[in-house]
Structures are given as structure tokens and as C-alpha cells.
Amino acid sequence: MSAKNTVAVLLISGALLPGVAMAQSEHPHPYVGMWVTDDGHVRHELLANGRYDEARGNRESAYQGNYRVTGNHIDYVDDTGFTADGEFINDVLYHGGMVLRRKSDPIDE
């Protein structure tokens, strides 16, 4: 893992800023929840503790890692050190050329 990725992992995981990780779980941002592509192939679950779990097709937990939301911007660092980012615009997540929409809870449908 490169030094840049190591620092990103430490920052996003809260290892360098432990109060930030705790604050995130106590006061989750409004984007916590499930985000899904229109075809349902890619599913990002953003957890309140700053972790995410991405499923692809039939492969559950294909990628997992930490994320940080700043305003409408999201930075991801998966558990292998790979980094990515995205933007939330009008309750749509634009990430890596994909468009993901918030999935409603079954109760809301």
C-alpha cells in the first residue's frame, strides 16, 4: 500500500482523528442507507459507523471499507487500500461512472 493510501485509510478510519469516527456514528449524515443502480447490479450500503459494504450482482460484500462524507462529497477507501470518490446531487449518488439512487425501506414502499 502506498504512503498516500495508508494516510487516507488512517484518516478515513478515524485512526488519526479518533473523535471523527465516533462523532460520525453518534450523528450520522443524511446519506446513511442503501444506494442502488437502476438495474440493481451495484448496491452500496453506507453504514452509520463510517463503513460501507458494496454488493455486485450475486456477489454480496464484493467490496468493503471506510468512507467519509464531507458536504455532498464522499471518499471511499476499501480494505485493500483502493480509493474512490463520488458526489451526492439531488439525492442521487454519482460514483465511478455509476448513478445510484437511495433505496427506500420496504415500509416506505
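Residues of the stretch 84-94 that are open to solvent by less than 20 Å² (accessible area, probe 1.4 Å) and in contact (Cβ under 8 Å) with a residue 12 or more places away in the chain: G86, F88, L93. Whenever a residue of the stretch 30-41 is more than 13 Å from Y67 (Cβ to Cβ), its partners that are among the aliphatic types (A, V, I, L, M) and open to solvent by less than 20 Å² (accessible area, probe 1.4 Å), lying with C-beta atoms within less than 8 angstrom and at least six residues away or across chains, give the pairs M34/L46; V36/V42; V36/L100; T37/L100. In summary, V92 fulfils each of the numbered conditions (1) modelled with pLDDT of 95 or more; (2) within 12 Å of the chain's Cα centre (by Cα) with the single exception of condition (2).
The values are calculated or read from the model by the stated rules, or taken from the named source; none is laboratory data. The structure displayed is predicted, hence computed values, not measured ones. Cβ atoms come from the backbone with ideal geometry, glycine included; neighbour counts cover every protein chain shown. All accessible areas refer to the heavy atoms of the entire protein, side chains included, with ligands and DNA or RNA removed. Shrake-Rupley method; radii C 1.70, N 1.55, O 1.52, S 1.80 Å.
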